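The values are calculated or read from the model by the stated rules, or taken from the named source; none is laboratory data. A quick note: this is a predicted structure, and the numbers were derived from the prediction, not measured. As a convention, Cβ positions derive from the backbone with ideal geometry for all residues, glycine included, and neighbour counts pool all protein chains shown. The protein model used for the area step is the full one, side chains on, heavy atoms only, and it has no ligands, DNA or RNA in it. Shrake-Rupley method; radii C 1.70, N 1.55, O 1.52, S 1.80 Å.
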Amino acid sequence: MFRKFLKGVLVVSAALIALSYTFGYSYLFKGIRETYLRGETGSNINDGTYFSSHTVAKGQSIPWEKDSAYNKNALPKALVEDLKKSKTASFLVIKNGRLLHEEYWDGYNQNSKTNSFSMAKAVTVMLVGKAIEQKKIKGFDEKFSAFFQNYDNVQFGKYLTLNNLAEMEAGLNWNEDYNNPFLPNAKAYYGKSLEEAVLLRGFKDQPGTKFEYQSGATQLLGFALRKSVNKTIAEYASDNLWQPLGMEQNAEWNTDDFGMEKTFCCLNSSSRDFAKLGQLFLNDGKFNGKQILNSNFIEEMRTPTKLSKEAYGMGLWINNDSSIKHYYFRGIYGQYIIIIPEKQMIIVRTGMDKRETFDEKHRPKQVELYVDEVVKNYN
């Protein structure tokens with residue numbers, strides 16, 4: 001009896017495995033292995049080591065200069081309690097170009113590298129801007145079909161521009177859902193091939209007519225970038241960001257099984273180095289007296305679009321509705337590089353905040369809390 005039962009289980013299992021491969025869901029097995037079998041319930045800031053990656057190599061390191069008041073003024077108790085409850089890994093405050101406060105929890109430290117998640121979207125846009133400056137790409141108005149000619153034959157595909165992708169106005173057939181394993185985010189994150197997961201999605205709206213945040217848009221931007229620079233995106237990021245900014249550590253950018261970077265996410269770096277990306281915006285594209293990114297392009301990135309109801313620019317979330325205006329890189333579970341121009345401040349927060357709440361423009365409310373508390377404490 002038991003042998004018959006076991007045989008039945010094996011037959012059903014074999015059938016399910018065969019069906020999963022037939023219908024393109026084989027990535028689910030990797031998802032299960034890298035989550036539940038590791039004691040997790042989903043993606044995690046420590047996922048970087050479980051995926052293949054390319055190194056974003058640093059050059060000569062230029063460490064942060066510490067402020068004379070470095071770590072002398074503790075964060076407000078209520079904020080610390082909130083940070084602990086939200087499983088914060090790091091919280092850094094930069095003011096006037098100096099490291100003012102730095103705190104870590106749960107075994108993380110200044111050398112820990114964590115997953116950027118969607119903060120990488122802004123980095124991808126930055127690199128496309130650099131490629132335009134270097135005349136490797138004509139401009140953000142260039143059609144995506146100039147890189148992938150078959151898009152001329154896809155409904156709405158011939159209208160798609162790099163600008164549509166950067167501003168989240170692509171109109172892709174893409175439902176941005178991080179919890180449903182059968183939807184494209186999971187396939188892009190855990191799957192073997194980003195081309196299979198993203199390039200074949202098609203459209204549901206004409207590009208440029210609607211704002212809808214879609215990870216697939218930034219991945220398409222990454223495909224165009226990769227085709228233009230004739231090197232891996234990690235190498236290009238090393239040449240144009242990591243080395244010029246004097247980053248303290250190499251970063252790792254996770255890839256699919258064919259070596260394509262997941263440009264919608266998955267740049268694993270330290271919080272100190274993430275902070276330098278924020279400082280670059282605060283300095284209008286300059287670092288150490290050198291113009292790393294064009295200042296006009298920096299301004300384009302942080303200018304909110306009408307279709308987003310003034311909440312999103314190019315890879316960046318923007319809050320000009322707040323009493324203290326700010327904009328930021330944002331990744332799921334509360335990965336933030338927050339830039340506060342009028343106070344010459346940057347906040348970096350990393351961790352696993354699964355209780356995020358949002359305002360009417362789908363901006364996380366926690367960001368405004370961080371800005372208010374930090375400015376009040378260190379003004």
Residue count for region 238-254, restricted to those that are within 16 Å of the chain's Cα centre (by Cα) and open to solvent by 10 Å² or more (accessible area, probe 1.4 Å) = 1
note = Within region 147-162, of all residues that are over 25 Å from the mean Cα position of the chain (by Cα) and part of a loop (DSSP other than H, G, I, E, B), the one surrounded by the fewest Cβ atoms within 10 Å (Cβ to Cβ) is Q155
query = For R330, all conditions in the list (1) outside any strand (DSSP E or B); (2) touching a Ser or Thr at 6+ places or on another chain (Cβ under 7 Å) hold save one; what is the number of the exception?
reply = (1)
note = Exactly one of E169, E176, E212 is at pLDDT below 95, assigned to a loop (DSSP other than H, G, I, E, B) and open to solvent by less than 50 Å² (accessible area, probe 1.4 Å), and that one is E176
task = Confirm whether M314 is open to solvent by less than 10 Å² (accessible area, probe 1.4 Å), touching an Asp or Glu at 6+ places or on another chain (Cβ under 7 Å) and either farther than 28 Å from G139 by Cβ or in contact (Cβ under 8 Å) with a residue 40 or more places away in the chain (or both).
result = yes
ask   = Does region 106-124 include one or more residues that are β-branched (V, I, T), in contact with a helix residue (DSSP H, G or I) (Cβ under 8 Å, 6 or more places away or on another chain) and over 29 Å from S86 (Cα atoms)?
value = no
request  = Report yes if some residue within region 286-299 is open to solvent by 10 Å² or more (accessible area, probe 1.4 Å), on the phi < 0 side of the Ramachandran plot, assigned to a helix (DSSP H, G or I) and among the small types (G, A, S); otherwise report no.
outcome  = yes
inquiry  = Quick check on my filter: what residues within region 307-321 are of a type in the set (S, T, N, Q), assigned to a loop (DSSP other than H, G, I, E, B) and closer than 16 Å to V367 by Cα?
reply    = N320
